[in-house]
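A short worksheet on the structure shown next.
The values are calculated or read from the model by the stated rules, or taken from the named source; none is laboratory data. Note that the coordinates shown come from a computational prediction; the quantities given were computed from them, not determined experimentally. All Cβ positions, even for glycine, are placed from backbone atoms using ideal geometry, and neighbour counts span all protein chains on display. To get the accessible areas, we keep the full protein, side chains included, count just its heavy atoms, and leave off ligands, DNA and RNA. Shrake-Rupley method; radii C 1.70, N 1.55, O 1.52, S 1.80 Å.
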Amino acid sequence: MLNLVLFGPPGAGKGTQAEFLIDTYQLMHLSTGDLLRGEIAAATPLGMEARAFMDKGELVPDTVVIGMIRSKLKTHPDARGFIFDGFPRTVEQARALDQLLEENKTPISAMLSLEVEHQELVNRLMGRGVVSGRADDQDPTIIENRIDVYGRKTAPLIGYYQAQGKHIGIDGMGSISEIAGRLKETVDRLLQA
Ligand code: ADP
């Protein structure tokens with residue numbers, strides 16, 4: 001089983017590279033951002049609750065996202081492995097994930113942490129906002145808030161996974177295919193180990 005946490009600030013390219021990794025290694029993609037946007041599109045109570053946080057660039061409460069991940073892990077017991085994208089985002093979420101995976105005896109293999117300069121993040125998010133119409137990608141104040149929230153609440157997870165010997169930094173600057181190449185080299189090395 002290959003369980004990867006694809007990590008990095010908003011705009012680091014997690015979603016794009018997750019697609020590449022799924023195709024290459026036949027893994028299940030679990031993106032809390034996508035799941036939450038699905039709930040909003042279906043106008044569920046969970047979606048309505050989440051939307052208020054997402055529109056401001058704040059994190060959705062831990063209990064909500066942990067519950068979503070728990071039910072998704074249960075519905076895919078036969079997966080060859082998972083790519084966690086946009087989750088965990090807090091130490092509490094990381095602890096909950098470790099516990100859930102412990103129950104299934106399939107721990108996290110590695111955290112692949114995409115490293116991208118601040119201005120490049122803003123440029124990519126603004127560019128995506130034009131194409132996707134995502135409200136949280138169109139407002140510079142909300143974008144800065146998301147990057148700030150990342151620094152305060154999510155970046156500490158680097159230390160969390162370093163302590164487990166699972167953190168791997170990946171240069172996230174450059175073209176999509178260059179970054180994909182770096183990820184592939186890293187994952188191939190993990191598979192050989
Ligand atoms: P990005 O990484 O570009 O910010 P995402 O699609 O991962 O995009 O997340 C969009 C928004 O969804 C976040 O700003 C946050 O409000 C919410 N969200 C997604 N995943 C989580 C999570 N694991 N915990 C809390 N909130 C989350």
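Quick check on my filter: what residues within the range 11-64 are within 12 Å of the chain's Cα centre (by Cα) and β-branched (Val, Ile, Thr)?
Residues satisfying the conditions are Thr16, Thr32.
From Asp137, Asp148, which residue is closer than 26 Å to Arg51 by Cα, among the acidic types (Asp, Glu) and touching a Leu at 6+ places or on another chain (Cβ under 7 Å)?
Sole residue among the options that is closer than 26 Å to Arg51 by Cα, among the acidic types (Asp, Glu) and touching a Leu at 6+ places or on another chain (Cβ under 7 Å): Asp137.
Can you pull out the residues in the range 70-92 that are away from the ligand (no atom under 13 Å from the Cβ) and either of a type outside the set (S, T, N, Q) or not in a helix (DSSP H, G or I) (or both)?
Selection gives Leu73, Lys74, His76, Pro77, Asp78, Ala79, Arg80, Gly81, Phe82.
Could you list, in sequence order, the residues of the range 42-59 that are more than 9 Å from the ligand (Cβ to nearest atom), open to solvent by 40 Å² or more (accessible area, probe 1.4 Å) and of a type outside the set (D, E, K, R)?
Matches in the range 42-59: Ala42, Ala43, Pro45, Leu46, Met48, Ala52.
Which residues, taken from the range 60-87, are within 18 Å of Tyr160 (Cβ to Cβ) and surrounded by fewer than 18 Cβ atoms within 10 Å (Cβ to Cβ)?
Asp62 - this is the single residue of the range 60-87 that is within 18 Å of Tyr160 (Cβ to Cβ) and surrounded by fewer than 18 Cβ atoms within 10 Å (Cβ to Cβ).
Mind checking whether some residue in the range 88-98 is open to solvent by 40 Å² or more (accessible area, probe 1.4 Å), over 22 Å from Asp137 (Cβ atoms) and touching a residue at least 12 places away in the same chain (Cβ under 8 Å)?
yes
Taking Gly67 as the residue in question, decide whether it is over 23 Å from Asp136 (Cα atoms), part of a helix (DSSP H, G or I), more than 10 Å from the ligand (Cβ to nearest atom) and more than 15 Å from the chain's Cα centre (by Cα). Reasoning before the result, please.
Values: over 23 Å from Asp136 (Cα atoms): yes; part of a helix (DSSP H, G or I): yes; more than 10 Å from the ligand (Cβ to nearest atom): yes; more than 15 Å from the chain's Cα centre (by Cα): yes.
Spelling it out, Gly67 is indeed over 23 Å from Asp136 (Cα atoms), part of a helix (DSSP H, G or I), more than 10 Å from the ligand (Cβ to nearest atom) and more than 15 Å from the chain's Cα centre (by Cα).
Scanning for something within 20 Å of Leu27 (Cα to Cα) and part of a strand (DSSP E or B), does the range 96-110 turn up at least one residue? Talk me through it step by step, then tell me what you get.
If we filter the range 96-110 for residues that are within 20 Å of Leu27 (Cα to Cα), which is where we start, we get 97-98, 100-110.
Going one step further and asking which of them are part of a strand (DSSP E or B), we end up with 110.
Taking every residue of the range 96-110 in turn, at least one turns out to be within 20 Å of Leu27 (Cα to Cα) and part of a strand (DSSP E or B).
Suppose we filter the range 139-176 for residues that are in a helix (DSSP H, G or I) and over 19 Å from the mean Cα position of the chain (by Cα); how many remain?
Here the count works out to 3.
So, of the residues in the range 9-21 that are within 16 Å of the ligand (Cβ to nearest atom) and part of a helix (DSSP H, G or I), which turns out to be nearest to Arg80 (Cα to Cα)?
Leu21
Which residue pairs have Cβ atoms closer than 6 Å, lie 6 or more positions apart in sequence or on different chains, and pair a first residue in the range 107-119 that is over 20 Å from Asp188 (Cα atoms) with a second residue that is open to solvent by less than 10 Å² (accessible area, probe 1.4 Å)?
Cβ pairs passing all conditions: Val116/Ala12; Val116/Gly172.
So is Phe82 aromatic (Phe, Trp, Tyr), within 14 Å of Pro10 (Cβ to Cβ) and modelled with pLDDT of 95 or more or not? Walk me through it before giving the result.
Numbers: aromatic (Phe, Trp, Tyr): yes; within 14 Å of Pro10 (Cβ to Cβ): no; modelled with pLDDT of 95 or more: yes.
Answer is no for this residue.
Report the residue count in the range 101-143 for those that are more than 25 Å from Ile170 (Cβ to Cβ), open to solvent by less than 80 Å² (accessible area, probe 1.4 Å) and more than 11 Å from the ligand (Cβ to nearest atom).
Count: 3.
List every residue pair whose Cβ atoms lie under 7 Å apart, where the two residues are 6 or more positions apart in sequence or sit on different chains, the first residue falls within the range 64-77 and is within 17 Å of Met54 (Cβ to Cβ), and the second residue, located anywhere, is open to solvent by 70 Å² or more (accessible area, probe 1.4 Å).
Val64/Glu49
Among residues belonging to the range 25-41 that are free of Cβ contacts under 8 Å to residues at least 40 places away in the same chain and of a type in the set (Gly, Ala, Ser), point out the one that is least open to solvent (accessible area, probe 1.4 Å).
The selected residue is Gly38.
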